[in-house]
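Visitor: Would you mind keeping the following structure in view while I ask a few things?
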Amino acid sequence: MQTFCGAAVSIFSEENHMLVSLVAYVLCGAVAGVLAGLLGVGGGIVLVPLMVAIFPTVGVPAQYVQQMALGTSLASIMITSISSARAHNARGAVHWDIFKAITPGILVGTFFGGLIATHMPTMFLKIFFICFILFVSAQMLSNYRPPASRDLPGKMGTAGVGGVIGLTSSFVGIGGGTLSVPFMTFCNVPLYHAVGTSAAIGFPIAVAGTLGFVVGGWGRPELPAMSLGFVNLWALIGIATASFLTAPLGAKLSHSLPADKLKKGFACFLILVALKMIWGLL
């Protein structure tokens, strides 16, 4: 009887813990969706640190926490990018010829980047992520945009840039907007179209990156249940559902709120996130 009661309490506790974690994933997804549409930044900037904090409590081994966070973030962006791109496309803000030119490089760079990241030490990936979000923060605080001084390179050149964007995105679990928007504005693409096109580019980044993390993490018995390689399906359900619903809201708000002030506030938040992650490494 005592054994039965102990087992029942254990099952109840586990189910309760799963429910709490699902609520946390839904909240993370809601915030990420709004930010993706509002600021043109990948929701992964927020998702990855949050999942790094949550995953150790749900049985993800410490040596795989960063990889699982990156893979799950990219998987969720598949849903967020569709929702966000549709909202921007409805306003005529997606440059589909740029999308077609940059996608081949995106696919190659992100897939192999994801595959490589699965074999990298967690410490390296964490340090790379910290450096990246500090770079993003500095960019937002300075409001620097490269001067529009040239046209887009040819198809090969654009695809090559796509490869670099894809590789970097897979290392930090984002949709690539932080890199693709400055590149397009530098090439005389209006900011309005650059943000909208970046939302569409997030989809091939997410698909190829997710595939790389699934293949790289396949067959690892240490990973918890509901894992598909380095993608946590339980987290994906909560995050993707919420972000799909809130991304259009972010796109709508981007046309009515003071984006520059919001970006500076968000940059300060990212600096605090980076400092917390640095403290955790000490």
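Visitor: What's the angle, to the nearest 10 degrees (0 to 90), between helix 122-142's Cα axis and the longest principal axis of the chain?
Guide: Approximately 40 degrees, to the nearest ten.
Visitor: Please report the base-10 log of the normalised intensity I(q)/I(0) for segment 221-271, using a Debye sum with one equal scatterer per alpha carbon and no solvent, at each q in 0.18, 0.23 (1/Å).
Guide: Results for segment 221-271 at q = 0.18, 0.23 Å⁻¹ read -0.77, -0.87.
Visitor: Sticking with this one: Considering all projection directions equally, how large on average is the shadow of the alpha-carbon convex hull of the chain, in square nanometres? Numbers along the way, then the final one.
Guide: Values: hull surface 60.6 nm².
Here the figure is 15.1 nm², rounded to one decimal.
Visitor: If the reach is capped at under 30 angstrom between alpha carbons, list the lysines near Lys100, excluding any in the same chain fewer than eight residues apart.
Guide: Leaving aside lysines fewer than 8 places away in the same chain, those within reach of Lys100 are Lys155, Lys252, Lys263.
Visitor: Which loop-located chymotrypsin sites (Phe, Trp or Tyr not before Pro) does segment 124-216 contain, where loop means any DSSP state but H, G, I, E or B and the Cβ has at most 11 other Cβ atoms within 10 Å? Write out the running numbers ahead of the final one.
Guide: Values: sites: Phe124, Phe128, Phe129, Phe132, Phe135, Tyr144, Phe171, Phe183, Phe186, Tyr192, Phe213; in loops: Tyr144.
Those satisfying the criteria are Tyr144.
Visitor: Also: What is the fewest-to-most order of Tyr25, Tyr64 by other Cβ atoms lying within 10 Å of their Cβ? If you can, show how the numbers build up before the last one.
Guide: On the way: Tyr25 26, Tyr64 20.
Final ranking by Cβ density, sparse to dense: Tyr64, Tyr25.
Visitor: Below 8 Å, C-alpha to C-alpha, sequence gap of six or more: please give me the relative contact order for segment 17-281 in percent. It would help to have the intermediate numbers written out before the result.
Guide: Working: 504 pairs, mean separation 100.3, N = 265.
Value for segment 17-281: 38 percent.
Visitor: Rounding to the nearest 10 and keeping the result within 0 to 90°, find how far the Cα-based axis of helix 177-186 lies from the longest principal axis of the chain.
Guide: 0 degrees
Visitor: Further question on the same structure: Treat the count of other C-beta atoms within 10 Å as a stand-in for reagent exposure and order His88, His95, His119, His193 from fewest to most. Don't skip to the end; give the middle numbers.
Guide: Details: His88 25, His95 21, His119 8, His193 17.
Sorted ascending by nearby Cβ count, the order is His119, His193, His95, His88.
Visitor: For an R0 of 25 angstrom, estimate the FRET efficiency from the Cβ-Cβ distance between Tyr192 and Val164 and round to the nearest 0.05. Mind showing how you got there, number by number?
Guide: Working: r = 24 Å, r/R0 = 0.96.
Between Tyr192 and Val164 the formula returns 0.55.
Visitor: Return the calculated 222 nm mean residue ellipticity for the chain, to the nearest 500 deg cm²/dmol, obtained by summing -39500 (n - 2.57) across DSSP H runs with n ≥ 4 and dividing by the residue count.
Guide: Numbers: 10 runs with 217 residues, N = 282.
It lands at -27000 deg cm²/dmol.
Visitor: Could I ask something else about it? Averaged across orientations, what area in nm² does the convex hull of the alpha carbons in segment 83-234 project? Working shown, then result.
Guide: Working: hull surface 38.7 nm².
Value for segment 83-234: 9.7 nm².
Visitor: Sticking with this one: What ranking do Leu19, Leu134, Leu38, Leu257 get, fewest neighbouring Cβ atoms within 10 angstrom at the top?
Guide: On the way: Leu19 10, Leu134 17, Leu38 24, Leu257 13.
Neighbour counts put them in this order, fewest first: Leu19, Leu257, Leu134, Leu38.
Visitor: Now for a separate question. For Leu228, what residues show an amide H to amide H distance below 5 Å, using hydrogens built from the backbone and excluding near sequence neighbours?
Guide: Hits under the 5 Å cutoff: Leu233.
Visitor: Give me the three principal axis extents of segment 149-231 from the C-alpha atoms, as integers in angstrom, largest value leading.
Guide: Result, largest extent first: 52, 24, 15 Å.
Only the coordinates and a few stated rules stand behind these numbers; no lab work does. What you are looking at is a predicted structure, and each value in this text was computed from that prediction instead of being measured. Glycine also receives a Cβ, built like all others from the backbone with ideal geometry; neighbour counts cover every protein chain displayed.
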